[in-house]
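Before any comments, here is the structure.
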Amino acid sequence: MPLSLADFHPAADGETLDTAVLQRAIDHVMAAGGGCLTIPPGRYRSGTLTLPSNFELHLEAGAVLIASRDVADYQGIQAQSSAEKSHNVLLYALNRRNITISGKGCIDGDGEAWFAAERDDQGYRLPLADRPRIIVFEACEQVTLEAFSIVQAPMWTVHLVSCRHVHIDHLTIDNSMTMPNTDALDIDSCEAVFVSNSYLSAADDAICIKTTHKPASLRRPARQIMITNCLLRSYSCAFKIGTETWDDIEDVTVTGCTIFDSNRGIGILSRDGGAMRRLLFSNLTFACHYAPPCHWGKADPLFVSVRSRDPLIQPGIVEQLQFANVSGVAEGAINLHAAQPGWIRDVLITQVQLRQTVAQVEQGYYDVRPPCNPDSPTGMGLDNAYKLNPETGEAFGVERYPGGLPGLYARGVENLQLHNLAIERPSPLPPGWHPDSVRVLTE
């Protein structure tokens, strides 16, 4: 029988902390063997809440769960995984089964409280330490996220770590386009994941599949992931695989999605030991433009990059990769970039239309960040996000295309097949553009 939070008399004024009341109601459902806790209309401010198995948190229309602004309210229970050196989280579950968050209500991350008001000259708003993620589920099974909204997350929004059988449908995540490191959805070492009919918008990646470096109990490949019928928006990368790739990523299908108002459209970045294989992208549209330079990318509609993070660790290869029936407009180029020949192989690009447009900034650059700072070759964070090279004035890892901006640039790709690739370019070509629309280099 459903239980209502109203029975526990929360303050529901948006300022008084309701953490204890919320957790008591959740624990009551758990003691009864499971069930649904309904959150009625109202504004409920909270710190960390832990969710049990066989549990549904249902946010009614008009219900708003607001993340606390105080880092102390996240110290009781912390995630095993970290993001940007933080273990803090609003909604947390570990080793649970059959968990659902649903409803027409909203989770508000109150992100403005965690960032500097003004951007620096690279477009970066400096964040406070220990920002909380909104949802972190670790080693959980039968996870459902359905129909609710999340806004203004201060950090990674939904981080699913080593979960199995995940169903996400009609989820809305709408974060500020000025707040960095606010990935909408991170699918980390998960298996059997379905994401559909969702709107995901963030200054950082909209959807990111990765296999982060984590405790041994959570280490596993990411596999059998399907993304369909989604709207994606990002000033970093709308759909990304990587850059953290310590374990394999395989059998990923992305179809029927629209990428808009984004910097990089699709990005596949191998940096660590895990390989990637059988990645299929089809029936997609994109619109890519330049974002502030703190974000990785140069308006690339399709970007594949394999290079080492640690000079002592060879990155995993990317193979059996397909792009089919893809169409859009971009200020940058399609870029497939391997630091060593053969690290990208068996690539099929077919039925792809690209219309390149003139930008308001200087074109002709590509961006292979991270990591690039020679003083910190294995570093993470700001030293490899946009550390400037004094010789070029650009961030380390931002380089000029040889001879100017092409339409498609491939280097070190083994067995690249191009079929029905149509690239429309301005005429006459602007200064700094390469005369050839397609450039394929074997070395």
Scan region 12-33 and report the pairs whose first residue is among the hydroxyl-bearing types (Ser, Thr, Tyr) and whose second residue is surrounded by fewer than 19 Cβ atoms within 10 Å (Cβ to Cβ), with Cβ atoms within less than 7 Å and a gap of 6+ or a chain change.
Thr19/Asp73
Test: Ser81 is under 23 Å from the mean Cα position of the chain (by Cα) and of a type in the set (Gly, Ala, Ser):
yes
I'd like the full set of residues that are under 17 Å from Arg264 (Cα atoms) and under 9 Å from the mean Cα position of the chain (by Cα), limited to region 182-209.
Thr182, Asp183, Ala184, Leu185, Asp186, Ala202, Asp204, Asp205, Ala206, Ile207, Cys208, Ile209
Check every one of the strands (runs of 3 or more DSSP E) wholly within region 316-413 and list those with 1 or more residues that are hydrophobic (A, V, I, L, M, F, W, C) and in contact (Cβ under 8 Å) with a residue 60 or more places away in the chain.
318-330, 334-338, 344-356, 398-400, 408-411
If Pro371 meets every condition in (1) at pLDDT below 95; (2) touching a Ser or Thr at 6+ places or on another chain (Cβ under 7 Å); (3) surrounded by fewer than 23 Cβ atoms within 10 Å (Cβ to Cβ) apart from one, which number is that one?
(3)
Does region 74-85 include one or more residues that are part of a loop (DSSP other than H, G, I, E, B), among the aliphatic types (A, V, I, L, M), crowded, with 18+ Cβ neighbours inside 10 Å and modelled with pLDDT under 95?
yes
Which of the residues that make up region 40-62 are among the aliphatic types (A, V, I, L, M), surrounded by fewer than 23 Cβ atoms within 10 Å (Cβ to Cβ) and part of a strand (DSSP E or B)?
Leu49
Among the residues of region 12-30, is any closer than 24 Å to His159 by Cβ and surrounded by fewer than 16 Cβ atoms within 10 Å (Cβ to Cβ)?
yes
Taking region 322-355 and keeping only residues that are under 18 Å from Tyr366 (Cβ atoms) and β-branched (Val, Ile, Thr), one is left with Ile334, Ile344, Val347, Ile349
One residue from Ala129, Ala206 being outside the structural domain of Gly256 (by TED's automatic domain parsing), buried (at least 22 other Cβ atoms within 10 Å of the Cβ) and among the small types (Gly, Ala, Ser):
Ala206
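The values are calculated or read from the model by the stated rules, or taken from the named source; none is laboratory data. Everything quoted here is computed from the prediction, not taken from an experiment. Glycine also receives a Cβ, built like all others from the backbone with ideal geometry; neighbour counts cover every protein chain displayed.
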